[in-house]
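The values are calculated or read from the model by the stated rules, or taken from the named source; none is laboratory data. Note that this is a predicted model, so its numbers are computed, not measured. Note that each Cβ is placed from the backbone with ideal geometry, even for glycine, and that neighbours are counted across all protein chains shown. The accessibility values were calculated without ligands, DNA or RNA, using every heavy atom of the protein model including side chains. Shrake-Rupley method; radii C 1.70, N 1.55, O 1.52, S 1.80 Å.
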Amino acid sequence: MKRGIILSLLVGLVLLFGVQTALANEQSGAAGPVTISLHGPHVGASSETFQRGSATGGSSDEVVWYFVVNGLDRGTAPAQLTVTFKGAGQRSATGRPAGNGSTQHFYVGTPGHDQLLGASVVAASDRGGKLVLGHVSWKTASQAKEPEQPSAPKEKNASEKPAESKKPKAPAAEAPPKPAENEGQAPSKKTVWVSVDSPITVLLHDPHVGADSRTFGNEPDETGGLTDAVVWHFVLNGLDHGTAPAHLTVTFQGAGEVTAVGRPVGNGSTQHFFVGTSDHDVLLSAAALVESVGVGKLVLSHVAWDDEPEPEPEPEPEPEPEPEPEPEPEPEPEPEPEPEPEPEPEPEPQPEPEPTPEPEEPFLPFTEEKVTVIMEPYLPFTGDNRSHLLWIATWAALAGLGTRRLAFRRAR
C-alpha cells in the first residue's frame, strides 16, 4: 500500500515537472523576428495632402504621423518602427499593442510638414500583415491661436448625449455613404475631428461572428463602390461627433485578414466600412480601432453579391440531314487496244563465203634417199660378266633363305 502511494507521488511529480518545463519553454521561446515594410501606395506620402486625422498619441510635435501594423501573433511584444523622412531624416518609435496584441500603433512626430520616404517594422512574431500610414495630424494657425477650441465639441456632445439616448440605435437602417467618397481622401475643411490621445478597439457583435456570406442578408446593390465578387458592409455607431475615420481589421476563413477605413456619415457618430472578398467566405472576427470616448456596436449590416442565374440548358442541335449519296460516276470506256506493230521481216541470211582453196604444193619428182649404216667395230669377250652373275646368285640365295624362315615361323 505504501509503495503504491509513493509510486503515484513520484509519477505526479515527474508529470508536474514536465508540464512546468514545457510552459517555461513556450514562454521563453521567442518567435523569430519579422520585418514588415510600408504599404507601397503610402511611400512618398506628403503630410499636406495625405488623409488628416486628430490622434497624436500624446505627442506635442507640429506634425504627427500615425502608423498601424496588423496581422501579428497574439501577445506580440511592442515592435520597433523606423521611419525615413525627406526633411527630418530617420525617426523611430515603439509600438502600442491594441486588443490581443496582433495590432500595434505608432506615433512619429516631425517639426514641420514633410514627405515620407519609407518605413519598416521589426516585430517578434512568426507572421505579419501590413504596415500602413493611418493619417497625419497637424496643427493649423487657428488651432495655435485658440488651443481650447477642440474642447467645445466635447461640451456640446455632453449636452447632446441625453437627447441622443432617447433615440433608438438602428445602425442597419442608416444609408451607406455615396461611392464617390473614396477611402484615403482628405476630409472636408468644414469637418472638425475630435482629438483623443489613445484610440480604443471595438470588437464585432458576437452574433455576427461566424456569419456566412451565402446565408447572411444579401443586398446586391449596396457595394459601396467596390467591384469585388462579395462585399461585406459593416457599421460602427455610438461614436462622438466628429470622430476621425476608424480603421477596421476583418479576418475571414478563406481570405485571411483584410483592412478598411471608415466612412463617416452625418456628424461622424456613425461610420460605414466596405470590405471585399473574391468569393463567398465565413467571417471569423472583426475589430475597429477608433478615436472616440463613446462607442456603440460594430455590426455586420449585410452582404452584397449577385445571384448567378443558372445557365439555361443549351438546346440540343437539330440532327443534320444525311447527305444524299453522290451519283456514282459512269465508268469510262476502256481504251481500244492499240494495234500491235507488224513484225519486222527477218533479214535474209547472207550466204557463207566459199572457202578459198589452199594452194597446192607443186609436184616434185621422187628422189631416192641414201641410207648410210654405220657399223660398230667388233669387240672381243673379256669375261667380266661372271662377277655380276655371282652377286646375283648370292642375293637370290639369301632371299630364298629368308623366305623359308618366314614360312617356318608362320607354320608354328
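At-a-glance table
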item	result
Among residues of the range 89-106, those that are over 32 Å from the mean Cα position of the chain (by Cα), open to solvent by less than 30 Å² (accessible area, probe 1.4 Å) and touching a residue at least 12 places away in the same chain (Cβ under 8 Å), counted	5
Considering residues of the range 34-49 that are in a strand (DSSP E or B) and of a type outside the set (A, V, I, L, M) only, the residue least open to solvent (accessible area, probe 1.4 Å)	46
Members of the range 208-250 that are within 32 Å of the chain's Cα centre (by Cα) and closer than 14 Å to residue 270 by Cα	233, 247, 248
In the range 188-230, residue modelled with the lowest pLDDT [restricted to those that are over 27 Å from residue 306 (Cα atoms) and small (Gly, Ala, Ser)]	188
Residue among 110, 84 that is open to solvent by 30 Å² or more (accessible area, probe 1.4 Å), out of contact with any Pro (no Cβ under 8 Å at 6 or more places or on another chain), modelled with pLDDT of 50 or more and of a type in the set (Ser, Thr, Tyr)	84
Answer residue from the range 67-81, given it is open to solvent by less than 60 Å² (accessible area, probe 1.4 Å) and not aliphatic (A, V, I, L, M) and is nearest to residue 139 (Cα to Cα) among those	67
Qualifying positions in the range 50-66 - of a type in the set (Phe, Trp, Tyr) and either within 13 Å of residue 199 (Cβ to Cβ) or surrounded by fewer than 18 Cβ atoms within 10 Å (Cβ to Cβ) (or both)	66
Sole exception among (1) closer than 21 Å to residue 98 by Cα; (2) open to solvent by less than 30 Å² (accessible area, probe 1.4 Å); (3) out of contact with any Gly (no Cβ under 6 Å at 6 or more places or on another chain) for residue 276, by number	(1)
Test: residue in the range 303-319 that is closer than 21 Å to residue 208 by Cβ and either open to solvent by 100 Å² or more (accessible area, probe 1.4 Å) or β-branched (Val, Ile, Thr) (or both)	yes
Meets criteria (assigned to a loop (DSSP other than H, G, I, E, B), at pLDDT below 75 and open to solvent by 100 Å² or more (accessible area, probe 1.4 Å)) for residue 360	yes
Members of the range 113-123 found to be open to solvent by 30 Å² or more (accessible area, probe 1.4 Å) and under 27 Å from the mean Cα position of the chain (by Cα), listed by number	120, 122
Pairs where the first residue, in the range 306-330, is at pLDDT below 75 and the second is surrounded by 10 or more Cβ atoms within 10 Å (Cβ to Cβ), C-beta under 9 Å, 6+ apart	307/218; 307/220
